[in-house]
Amino acid sequence: MAEISDVANWNCTFTAACEPTNLTGLFLILFIVIVSIIGNFTAVYYTRKNANTVVQTLLFHALAWTDGITSLLTSPLVIASYLSGKWVGGEFGCKYECWAINACGFYAGVVIAIIAIERWIALTQPYKYEKIMTIPKVKIALAILGVVYGVFFLSPTLGFGHVRIFEPGTYCNIDWFGTNVEDRVFAVFCIGIILSCVVIVIACNIHVIFILNKLRLQRRKLEVSSNAAIKRKLRRSDSESSMAKLMIIITICYCVCWLPVA
């Protein structure tokens, strides 16, 4: 829940504790938003050309759209605060900013975990893959998770969890070191979600990379063969390797963004 000091700071201006930085910060935010939008359009195009399955395409598109929507939902208040020299959103804007950052951010983390699991199932249980990873199942799972996270991160507005303005006074988020018991429980639960996603993504990707290395060793032994079935298997291995590299990049970005929070 909000504290008196927070309420006094909803419209904080240039002070030692709450001061938007110079234009460098504003340009950095604009650069991040532009790169995010361009990067997500690039990811959508890349997965259309290189994804092995329709499910994989759907998951990567969900991730790209989530990240793009996050930028569009959260950047206006941040940019306006930099331009105004103070937080312009008030209490409602602060809680909205926190909700958008975390509902979309945590949802993106779960989508990344699902992509990692999908790749792991595709390589370890190829015969069960089509029964387990179907388009309707994935769409339902994504929709349910979206609703769950959207509702869950409304909790701070109901008193379970604490939202506050962070330096330099241009954005709001969960107070990870709240003083009340319920605020700490909420923060710990959120951190648990982050760590769970990170562990799942890393574990699945390590196993996938291990399997692909085994396939690469087999390839060296079979390269001289002209068998068509073997050639198809080798081409699939190349495709899986490309997706594995993409997953490594996504995993590194996700860990860099969220592990400091945890």
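The values are calculated or read from the model by the stated rules, or taken from the named source; none is laboratory data. In this text, all values refer to a predicted model and were calculated from it rather than measured experimentally. Cβ: placed from backbone, ideal geometry, glycine included. Neighbour counts: every protein chain shown. Areas reflect the complete protein model, heavy atoms only, side chains present, ligands, DNA and RNA absent. Shrake-Rupley method; radii C 1.70, N 1.55, O 1.52, S 1.80 Å.
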**Q.** Computed magnitude of the charge dipole of segment 58-146 (debye, nearest 20; Cβ of K, R +1, Cβ of D, E -1)
**A.** 260
Q. Taking H as built 1.01 Å from N, whose amide H comes closer than 5 Å to the amide H of Asp175, not counting residues under 5 places away?
A. His162, Val163, Arg164
Q) Computed FRET efficiency, Cβ-Cβ of Ile79 and Tyr45, R0 35 Å: what is it to the nearest 0.05? A) 0.85
(Q) At 1.4 Å probe size, put Arg119, Arg164, Arg184 in order of accessible surface, largest to smallest. (A) Arg184, Arg164, Arg119
Q | Heavy-atom surface of segment 104-183, accessible at 1.4 Å and reported per residue (Å²) | A | 48
Q. Counting only protein heavy atoms and using a 1.4 Å probe, what share of the accessible area of segment 111-153 belongs to carbon plus sulfur, as a whole percent?
A. 74
Q: Using a 1.4 Å probe and counting only protein heavy atoms, arrange Trp87, Trp176 so the residue with the most accessible area comes first.
A: Trp176, Trp87
Q: Could you order peptides 104-115, 65-76 by the average number of other Cβ atoms within 10 Å of their residues, highest first?
A: 104-115, 65-76
(Q) Give me a comma-separated list of calculated 3J(HN,Hα) values for segment 64-73, in order, Karplus coefficients 6.51, -1.76, 1.60 applied at θ = phi - 60°, integers in Hz, x for any Gly or Pro. (A) 5, 5, 4, 5, x, 5, 4, 4, 5, 6
